[in-house]
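A short worksheet on the structure shown next.
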Amino acid sequence: MVAIRGSGLTSLGREPDPSSLVRAAVDRALSDAGLDVDAIDALVVANAAGEAFTSIGNVSVWTATEAGLAGTPAIRVDTGPSSGLAAVSTARGWLGAPGIDNVLVLGWEAMTSVPTEEATEILAGLMAADEREAGLSLPRLVACLTRAYLDRHDRSLAELDRVAHKAHRLAEANPIAQFGEVTLDEIAASRVVADPLRLMHCAPLTDGAAALVVADEGPVEIASMGAASDHLAYTQRRTPPERFQATQDAAEACFASTETERSDVDVVELHDAFVSLEAINLEDLGFVPDGEGLDHVAEPEADALGPSPAVNPSGGLKARGHPVGATGLAQTVECVDQCLDRAANPVADAGTALVHSIGGFGNNVHVALLEARP
Ligand code: COA
């Protein structure tokens, strides 16, 4: 068995000092696991763009040193915004090698130390060069995809507002979240970032860190994982413009190696970097039929957790925050907390949770299924 023995997450928001982020996440995960730092045999660091955001180089050794693990084997995993979940996959492979019993997986990103324009440029580095040179950015690409989705399925912008509203309502109860509740009017009146996407439809720039201790025993099992990539350029994709083949393939791979079915999943933490992605991902993961993702979002007056499976009870990337390299781990920490009945917005009787994390623009996708141990 590969299990999560302990987990920890910092507050997400504006705290651009990577040292304090790293130390806080490590302390929380070790304390949750009931271990001293000496018990850690290997470190996997998840970080997407530490050099560009913070000028820190040799990220694996820098992080090991800050974590009190100088001398311990350390590698860095960078698959862009899915680095955190890719790092869990790496730790899973490392576990069981001679002398490796406890692997610390530690993700961090400090994005607010640069102005927004610079951060947008750095994140655009995830895209194909010719698309970037044509003036596209991640928000602009997602705007194209969002328009295609709304047109194909005859959906309205007001329905996307509801997704943002739901995310902020859930984040309100989450003490580590970057944002709290906002009204539907505030969402609809927020400034246009990339038409039709408004500020309140986007995940923010976030500083934060998260850590897990992965071992062969623990209260939550990593029951299976799946991964897939796709062409770098959006224009070379095999699927319709509003679909992500890599999500479909990663989910298929994850479910193919377990007897767990989609109907067994109680909680999903998916990659809603822009609110339209919540619906699209839910469809690509196979939880709802094509075009019906927005029907899964609770009405404003209803319980924000909505129907089963509950989607992004943490508030999601949208409202909890999106420190890119750490995000897959922050999502995993939320799923662990749900399985252990200690989450801020608890989903009743949650025992099975799915984490979905996207790397670049719809590629390098990782999916994990977590199950509470009896
Ligand atoms: N959602 C809600 N509120 C947000 C927000 C967001 N995404 N981003 C910023 N805010 C708030 C700020 O807290 C601030 O509030 P205040 O005035 O009460 O302090 C206000 O809006 C203005 O913030 P500011 O930092 O000036 O916004 P910005 O224009 O610099 O950045 C975006 C806004 C949307 C451009 C930026 O958050 C962004 O680029 N998001 C996308 C990140 C991304 O692509 N990630 C990778 C995806 S995989």
### Query
Condition test on A25, is it within 21 Å of the chain's Cα centre (by Cα), within 22 Å of E334 (Cβ to Cβ) and away from the ligand (no atom under 16 Å from the Cβ)?
yes
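Conditions (1) open to solvent by less than 20 Å² (accessible area, probe 1.4 Å); (2) within 12 Å of the ligand (Cβ to nearest atom); (3) closer than 29 Å to E301 by Cα, marked per residue:
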position: G125; (1), (2), (3): no, yes, no
position: Y149; (1), (2), (3): yes, no, yes
position: R152; (1), (2), (3): no, no, yes
position: V163; (1), (2), (3): yes, no, yes
position: R169; (1), (2), (3): no, no, yes
position: D195; (1), (2), (3): no, no, yes
position: R198; (1), (2), (3): no, yes, yes
### Task
Using the structure shown, decide if A189 is away from the ligand (no atom under 16 Å from the Cβ) and over 15 Å from L277 (Cα atoms).
no
### Query
Out of all the residues in segment 238-246, is one or more in contact with a strand residue (DSSP E or B) (Cβ under 9 Å, 6 or more places away or on another chain) and open to solvent by less than 30 Å² (accessible area, probe 1.4 Å)?
yes
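A quick yes/no check of all residues on (1) open to solvent by 50 Å² or more (accessible area, probe 1.4 Å); (2) part of a helix (DSSP H, G or I):
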{"site": "R5", "(1), (2)": "yes, no"}
{"site": "S11", "(1), (2)": "yes, no"}
{"site": "D27", "(1), (2)": "yes, yes"}
{"site": "L30", "(1), (2)": "no, yes"}
{"site": "W62", "(1), (2)": "yes, yes"}
{"site": "I75", "(1), (2)": "yes, no"}
{"site": "V88", "(1), (2)": "no, yes"}
{"site": "R92", "(1), (2)": "yes, yes"}
{"site": "P98", "(1), (2)": "yes, no"}
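Regarding N312, is this residue of a type in the set (S, T, N, Q), within 16 Å of the ligand (Cβ to nearest atom) and at pLDDT 95 or above?
Taking the combined requirement at face value, the residue satisfies it.
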### Message
What's the number of the only condition in (1) surrounded by fewer than 19 Cβ atoms within 10 Å (Cβ to Cβ); (2) closer than 25 Å to V365 by Cα that S20 fails to meet?
### Response
(2)
### Message
If I ask for residues that are within 27 Å of F274 (Cα to Cα), out of contact with any Lys or Arg (no Cβ under 7 Å at 6 or more places or on another chain) and assigned to a loop (DSSP other than H, G, I, E, B), which ones from segment 201-225 would you list?
### Response
P204, L205, T206
### Query
For residues in segment 101-121 being outside any strand (DSSP E or B) and more than 10 Å from the ligand (Cβ to nearest atom), which is farthest from V59 (Cα to Cα)?
D101
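The values are calculated or read from the model by the stated rules, or taken from the named source; none is laboratory data. Just so it is clear, the model here is predicted, and its values are computed rather than measured. As a convention, Cβ positions derive from the backbone with ideal geometry for all residues, glycine included, and neighbour counts pool all protein chains shown. Accessible surface areas use protein heavy atoms only, side chains included; no ligands, DNA or RNA. Shrake-Rupley method; radii C 1.70, N 1.55, O 1.52, S 1.80 Å.
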